[in-house]
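The values are calculated or read from the model by the stated rules, or taken from the named source; none is laboratory data. All figures in this text were calculated on a predicted structure; none of them were measured in a lab. Counting neighbours? That spans all protein chains shown, and the Cβs are built from the backbone with ideal geometry, glycine included.
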């Protein structure tokens, strides 16, 4: 019997701790779906989600990140228009100047009040949950 399972992914909310207000890094995607996104990607076979998060952050932003905490798991079957994925989202810190790489068309550092409106996947929900957590200490609600 063949099983169809969601594909594991990671997303990394990278806070730049060497700047005022701890801005975050977003990438502009070079491939479909187009738009801005939290750095992240697919977990390779034989790789832990923690290792995947550090690897994806390095590949897409050029930053060595320190994973601070596992924030939440997002698994809505419609979160990615390409296929059913589930993402383990981490909050991480880094210092230095990020550089776009891998499948990032460009990269930018954003303060909370400047987040672009055209976020890919379910990253608008993730960012709302993250800011609520950062400002009020409230984690996302379980369904």
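Residues in the range 25-40 that are without any contact (Cβ under 8 Å) to a residue 60 or more places away in the chain and within 26 Å of residue 112 (Cβ to Cβ): 40 alone. Look at residue 121 and say whether it is in contact with a helix residue (DSSP H, G or I) (Cβ under 9 Å, 6 or more places away or on another chain), surrounded by 14 or more Cβ atoms within 10 Å (Cβ to Cβ) and closer than 21 Å to residue 44 by Cβ. Judged against the criteria, residue 121 is not a match. Within the bounds of the range 90-102, is there any residue that is assigned to a helix (DSSP H, G or I) and either under 17 Å from residue 119 (Cβ atoms) or modelled with pLDDT of 95 or more (or both)? No.
Okay, residues lined up against (1) under 18 Å from residue 14 (Cα atoms); (2) buried (at least 20 other Cβ atoms within 10 Å of the Cβ); (3) under 12 Å from the mean Cα position of the chain (by Cα):
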{"site": "32", "(1), (2), (3)": "no, no, no"}
{"site": "37", "(1), (2), (3)": "yes, yes, yes"}
{"site": "42", "(1), (2), (3)": "yes, no, yes"}
{"site": "92", "(1), (2), (3)": "yes, yes, yes"}
{"site": "98", "(1), (2), (3)": "yes, yes, no"}
{"site": "110", "(1), (2), (3)": "yes, no, no"}
{"site": "135", "(1), (2), (3)": "yes, no, no"}
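Checked against (1) over 14 Å from the mean Cα position of the chain (by Cα); (2) surrounded by 14 or more Cβ atoms within 10 Å (Cβ to Cβ); (3) under 30 Å from residue 143 (Cβ atoms), residue 115 passes all but condition (1). State which residue is surrounded by the most Cβ atoms within 10 Å (Cβ to Cβ) when the search covers only the range 17-30 and only residues that are under 15 Å from residue 130 (Cβ atoms) and within 13 Å of the chain's Cα centre (by Cα). Applying the filter and picking the extreme gives 26.
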